[in-house]
Amino acid sequence: MEGTMEAQAQQHMDKRLVICNWKAYLGIAESVRTAEAIAESFSDSEKGCLLAIAPTNLALCRVGEIISKAGISLCAQDIDIGGKGAKTGSTPIEVLEEAGCEFAIIGHSERRHRKAPETKESDALINRKLDICLNSQIIPILCTGETEEERYRGATNNAIKKQLVGGLEGISAEAKEGIEKLIVAYEPVWAISSNRISRIPDVTEVNEACKMIRRHLYSLFVKEKADRIRIIYGGSVEPANVSAYLSVNGIRGVLVGKAGTDAAKMEAMLKAVGSGPVAQLLPS
Ligand code: PGA
């Protein structure tokens, strides 16, 4: 039994990841319709990739029912700290687990860089959320990436380091023990929701960032565990560029925003993911 579970976990690790973050683009009925269309076109040929969808919280259960039948996983866009109890407006991890979430996006730049300063998510808060996920059944996807200003100042490495160290240093021993399930997304803030080719990184930049992330992970965790942490890319991923990003050594998947809400684009994207070359796990 244990052997089978381990084999399943390994299979999971070997797959390319396509995580769709629907943000607040779709209402409940639209989420259901889009989930149905994506589930219908998610054919056996694409099962080499692990597809997950993160709808609005209010649609999690209905979308989950539809996509689970097609072998697609459910993802939360965020979690709240603290468990069940007297916490008005909160969505604790236990409820997300009950809804069937296998993944949760943590520290997305749209939460880190909110306009009102008092609502911005800090590395300290992200650290607590990661600890909670790492002690649960849910796989956290930690978003990292520099702003445009940091990029022009040559501060990309520092920005990524701050987010990784601030998000992961000092997590509990239990969370550290299971750290290999963590996924780190490299999402340059300047490339998110961009439709200009000059505003998305080329494969060399993504490879460099991937190496930086891996170096910082080595400074935080033992190499054997750090090597298993998967890195994915996000920022204006489209059917036309997904293969290029997936060909970068060290990149194991993509985090897709806007394009993931369009079933036709997703069909094209998954075809490209299914047929593209397989990159190495570690950057070179
Ligand atoms: P985008 O969003 O694909 O619309 O750029 C990506 C993200 O924010 O995760």
>> Every residue in segment 241-257 that is away from the ligand (no atom under 16 Å from the Cβ) and surrounded by fewer than 17 Cβ atoms within 10 Å (Cβ to Cβ), please.
In response: Ser247, Asn249
>> Please verify whether Gly167 is in contact (Cβ under 8 Å) with a residue 60 or more places away in the chain and assigned to a strand (DSSP E or B), treating the condition exactly as stated.
In response: no
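Yes/no matrix, rows are residues, columns are (1) free of Cβ contacts under 8 Å to residues at least 12 places away in the same chain; (2) over 18 Å from the mean Cα position of the chain (by Cα):
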| site | (1), (2) |
| --- | --- |
| Ile28 | no, yes |
| Glu36 | no, yes |
| Ala39 | no, yes |
| Ser43 | yes, yes |
| Leu50 | no, no |
| Ile53 | no, no |
| Asn57 | no, no |
| Leu60 | no, no |
| Ser68 | no, yes |
> Taking helices (runs of 4 or more DSSP H) that fall entirely within segment 186-284, which contain at least 3 residues that are among the hydrophobic types (A, V, I, L, M, F, W, C), over 23 Å from Gly166 (Cβ atoms) and modelled with pLDDT of 95 or more?
Replying inline: 263-275
> If you take the residues in segment 131-161 that are β-branched (Val, Ile, Thr) and modelled with pLDDT of 95 or more, which one is surrounded by the most Cβ atoms within 10 Å (Cβ to Cβ)?
Replying inline: Ile141
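Condition check ((1) surrounded by fewer than 21 Cβ atoms within 10 Å (Cβ to Cβ); (2) within 15 Å of the ligand (Cβ to nearest atom); (3) free of Cβ contacts under 8 Å to residues at least 40 places away in the same chain) across all residues:
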position	(1), (2), (3)
Glu187	no, yes, no
Ala191	no, yes, no
Thr204	yes, no, yes
Phe221	yes, no, no
Glu224	yes, no, yes
Ile232	no, yes, no
Pro239	yes, yes, yes
Ala259	yes, yes, yes
> Here are some residues: Gly71, Gly48, Gly64. Which one is buried (at least 19 other Cβ atoms within 10 Å of the Cβ) and of a type in the set (Gly, Ala, Ser)?
Replying inline: Gly64
>> Tell me whether segment 111-130 contains one or more residues that are buried (at least 17 other Cβ atoms within 10 Å of the Cβ), part of a helix (DSSP H, G or I) and within 14 Å of the ligand (Cβ to nearest atom).
In response: yes
> Among the residues of segment 72-81, is there at least one that is within 16 Å of the ligand (Cβ to nearest atom), within 18 Å of the chain's Cα centre (by Cα), assigned to a strand (DSSP E or B) and under 22 Å from Ala259 (Cα atoms)?
Replying inline: yes
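The values are calculated or read from the model by the stated rules, or taken from the named source; none is laboratory data. Because the structure is a prediction, the values reported are computed rather than measured. Cβ atoms come from the backbone with ideal geometry, glycine included; neighbour counts cover every protein chain shown.
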